[in-house]
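The values are calculated or read from the model by the stated rules, or taken from the named source; none is laboratory data. As the structure is a computational prediction, the values presented were derived from the model and not from experiment. Cβ coordinates were reconstructed from backbone atoms using ideal geometry, including for glycine residues, and neighbour counts include every protein chain displayed. Note: areas computed on protein heavy atoms with side chains; ligands, DNA, RNA excluded. Shrake-Rupley method; radii C 1.70, N 1.55, O 1.52, S 1.80 Å.
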Amino acid sequence: MKVLIVKTSSMGDVIHTFPAVEDARRKRPDIAFDWCVEEAFAGIVALHPAIAKIHTVAIRRWRKHLFNAGTWREATSLRRALQAGEYDLVIDAQGLLKSALVAKQAAAPIAGFDRASAREPSATLFYQRKYAVPRNLHAIERTRRLFGLALGYEPDLSALASGIVPPPGGLAGIDCKTAFLLHGTSREDKKWPAEDWIETARLLVGSGMTPVTTWSNEREKAVAKAISKAVPSTIVVPRSPLADIAAILGRSTLVIGADTGLTHLASAFGLPTVAVFLATEPGLTGPRGQYASTLLAAAGERLMPAQVVPEAEKLLALKLQASA
């Protein structure tokens, strides 16, 4: 049986789908999975060994050049590639109109959330199989339940496994305990102040850790430089391909991150991970993992490094105890 997964974005949403794929790999070894995803996240999908072929879309880029002939050539090429896959089933794990339209291009039966469960009810107009999954569940559990209903098995919700491992690579010549600080995120109101990241780095150095950070734009670069200037032992990784950052991240001792996709990736790798949430509610979309914790700033109050670092150290101690 050949199944196409449609989950195009964002990075966190893609990572939230991995446990469902892992369930299916164990419960339905007869199924071969392909995936359709935004081009920026193809490297993330490639981390899961159960995914055979990755189709890429560029909806964000196509929208900016809707009347460009190149856009329509790419869209046509995608439709041909999806139909050539001859899928027995498409699972739209996103539940949006845009993902449903992508799923339709495969010309195969589409399974997805029912009208009361989908994020955009209009998406269900394109589905042949519709399943009720409560919306008040975490995104990971919702997707696991959807896959189970669509593929005929009961997921074991008492266990959580992503099935992914870090890609090859990492920091060359570094033989120390590293703490990756993921300060960059898409919205300004999600960002912890630079002085808090600096104090976090200082506290980690005091605990025998080497802080590591990176950047993807000029504003993030300024924060990374500020951290390394105040705490000279900090390793600043220059802007790099996502696969390279994932390799370094996956070999870190612990991770402290803002509400961003790489923080979700760290928890999926099974790393001791503390997510710092300042402006968003983590309840249904926050990082999940055996050694993941989310700290949410109380209304009108600051979340202090002196709260965050001990939480990370506690998670690290739990992991070391479990592996002893």
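Run down the lysines and flag those whose C-alpha is under 24 Å from the C-alpha of residue 64, throwing out any fewer than 8 positions away in its chain.
Correct list for residue 64: 7, 98, 104.
Can you give the percent of C-alpha pairs in the chain whose distance is more than 27 Å?
Pairs farther apart than 27 Å: 46 percent.
To the nearest 20 debye, what charge dipole does the chain have about its Cα centre, counting +1 at the Cβ of each Lys and Arg and -1 at the Cβ of each Asp and Glu?
Rounded to the nearest 20 debye, it is 700 debye.
In terms of the Cα gyration tensor, with a ≥ b ≥ c the square roots of its eigenvalues, is the stretch 216-273 rounded because a/c is under 1.5, prolate because a/b exceeds b/c, or oblate?
The shape class here is prolate.
So what is the 222 nm mean residue ellipticity for the chain from helices alone, if each DSSP H run of at least 4 adds -39500 (n - 2.57) and you divide by all residues, rounding to the nearest 500 deg cm²/dmol?
Details: 11 runs with 126 residues, N = 324.
Calculated from helices alone, the mean residue ellipticity at 222 nm is -12000 deg cm²/dmol.
Run the numbers on the chain and let me know its relative contact order in percent, using alpha-carbon pairs under 8 Å that are six or more apart.
15
Would you kindly calculate the translational diffusion coefficient of the stretch 264-324, applying Stokes-Einstein with the Kirkwood radius from alpha carbon pairs, for 37 °C and a viscosity of 0.692 mPa s, and quote it in µm² s⁻¹ without decimals?
The diffusion coefficient I find is 270 µm²/s.
If you average over every viewing direction, what projected area does the convex hull of the Cα atoms of the stretch 1-105 give, in nm²?
Working: hull surface 25.0 nm².
So the Cα hull casts an average projection of 6.3 nm².
In debye to the nearest 20, how big a dipole does the stretch 79-235 give about its Cα centre with +1 on each Lys and Arg Cβ and -1 on each Asp and Glu Cβ?
Taking the Cα centre of the stretch 79-235 as origin, the dipole is about 420 debye.
With a bin width of 5 angstrom, please list the P(r) values of the stretch 111-251 as percents of all Cα-Cα pairs, from the 0 bin to the one holding the largest distance.
So the P(r) values, bin by bin, are 2, 9, 14, 13, 12, 10, 11, 11, 10, 7, 3, 0.
Could you work out the percent of alpha carbon pairs in the stretch 180-324 separated by over 23 Å, rounded to a whole number?
Values: 2855 of 10440 pairs.
The share of Cα pairs beyond 23 Å in the stretch 180-324 comes to 27 percent.
After finding the eigenvalues of the alpha carbon gyration tensor for the stretch 124-167, what semi-axes result from the square roots of 5 times each, listed largest first in whole Å?
Gyration-tensor ellipsoid for the stretch 124-167: 22, 13, 12 Å.
Å³ per residue of the Cα convex hull, for the stretch 144-222?
201
Could you grab the relative contact order for the stretch 1-149? Cα pairs under 8 Å, six or more apart, rounded to a whole percent.
With pairs under 8 Å counted, the relative contact order is 24 percent.
How far apart, in nanometres, would the label points at residue 230 and residue 304 be if each is projected 7 angstrom from Cα along the Cα-to-Cβ direction?
1.5
Under 8 Å for C-alpha pairs, at least 6 residues apart: give me the relative contact order for the stretch 212-270, rounded to a whole percent.
Taking the mean separation of contacting Cα pairs over the length of the stretch 212-270, I get 27 percent.
Karplus couplings for the stretch 257-267 from phi (6.51 cos²θ - 1.76 cosθ + 1.60, θ = phi - 60°), rounded to Hz, Gly and Pro as x?
x, 6, 6, 8, x, 5, 5, 4, 5, 4, 5
Taking all protein chains in place and a 1.4 Å probe, what share, in percent, of the accessible surface of the chain do carbon and sulfur account for?
Accessible surface attributable to carbon and sulfur in the chain totals 53 percent.
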